[in-house]
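No lab work stands behind these numbers, since they all come straight from the coordinates. What you see is a predicted model; the values in this text were computed from it and never measured. Positions of Cβ are backbone-derived with ideal geometry, glycine not excepted, and every protein chain shown enters the neighbour counts.
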Amino acid sequence: MGGMSERSGVPGEGLVKGLAVTLKTMTRRSTTQQYPDVAPELPPRSRGVIALLEENCTVCMLCARECPDWCIYIDSHKEEVAVPGAARPRQRNVLDKFDIDFSLCMYCGICIEVCPFDALYWTPEFEYAEYDIKDLLHDKDHLGEWMVTVPPPPAHDPHGDPSKEETTAARKVAAPAARPAPTRVRPEPGAEQGGGAAS
């Protein structure tokens, strides 16, 4: 019962608080961003268009399989690569087609998250409207052009947790120092002679 009495305040208190916020906002001068003459200041992790780094793509098809909208279309062929010293040539996938249909894309970012080789990136570019919906299908060359607009990764927070790579490297350096040096035990003087005497 004590909790209910604390919650119920003066009747109409919420209305007065709401009107106070409205009045405070009404007296402030409004600022309008003059887009497109002045470019907007976007947050650092804003989601614009998706860019493709073609040389990183191994045609693993993870992005196309995980896409909930099925808006990624990939096609490839296999090529034989002769490796010196190998018994037989190896095969590798060569990317022929990588298209993203931005008329279907819902910008969830799953394709970027699941890519194991960092072939897909967010860019802050959002001005790619078209007059025809068919032009929103970007091929691999068009997606590659967006790579120049990909921002550099943010600096690591010095107060945050270290990355997995840093932790692994520190563990490898500390492992040999933590291991105790092997101690050699000297055999007893009579043990060597008595060992070979038994028949």
> For the pair Thr25 and Ile110, how long in nm is the line joining their label points, each one 7 Å along Cα→Cβ?
Replying inline: 3.5
> When only DSSP loop residues count, what trypsin sites (Lys or Arg not before Pro) in segment 19-78 have their Cβ near at most 13 other Cβ atoms within 10 Å?
Replying inline: Arg28, Arg29, Arg45
>> Show me, for segment 145-150, the HN-Hα J-couplings you get by feeding each phi into the Karplus relation (A = 6.51, B = -1.76, C = 1.60, θ = phi - 60°), rounded to Hz, glycine and proline as x.
In response: 5, 6, 4, 5, 9, 5
> Setting aside same-chain residues fewer than 8 positions from Lys140, which lysines have a Cα under 30 Å from its Cα?
Replying inline: Lys78, Lys97
> Cα to Cα, under 19 Å, and not fewer than 8 places away if on the same chain: which aspartates and glutamates meet these conditions relative to Lys24?
Replying inline: Glu13
>> Give me the net charge for the shell around Tyr107: Cβ to Cβ below 13 angstrom, other residues only, Lys and Arg +1, Asp and Glu -1.
In response: -2
> If you plug each phi of segment 155-167 into the Karplus form 6.51 cos²θ - 1.76 cosθ + 1.60 with θ = phi - 60°, what whole-Hz ³J(HN,Hα) values come out, in order, with x for Gly and Pro?
Replying inline: 5, 5, 5, x, 8, x, 5, x, 6, 4, 5, 5, 5
> Using a basic spin-label model with each label point 7 Å from the Cα along Cα→Cβ, how many nm lie between Lys164 and Asp101?
Replying inline: 3.4
>> If I stretch the segment between Glu130 and Tyr35 completely, what's the gain in nm (0.36 nm per residue apart, minus their alpha carbon distance), one decimal?
In response: 32.4 nm
> Given H placed 1.01 Å from N in the peptide plane, which residues other than close sequence neighbours of Val49 have an amide H under 5 Å from its amide H?
Replying inline: Thr123, Glu125
> Which one of Leu143, Val114, Leu23 is farthest out on the positive end of the charge dipole of segment 1-159, using unit charges on Cβ (Lys, Arg +1; Asp, Glu -1) and the Cα centre as origin?
Replying inline: Leu23
> How far is it, in nm, from the label point at Thr149 to the one at Asp75 when both lie 7 Å from their Cα along the line to the Cβ?
Replying inline: 2.7
>> Taking θ = phi - 60°, what integer Hz values does the Karplus form 6.51 cos²θ - 1.76 cosθ + 1.60 yield along segment 29-34, in sequence order, with x for Gly and Pro?
In response: 6, 7, 10, 10, 6, 7
> Over its Cα atoms, what ratio of radius of gyration to 2.2 N^0.38 Å does segment 44-139 give?
Replying inline: 1.27
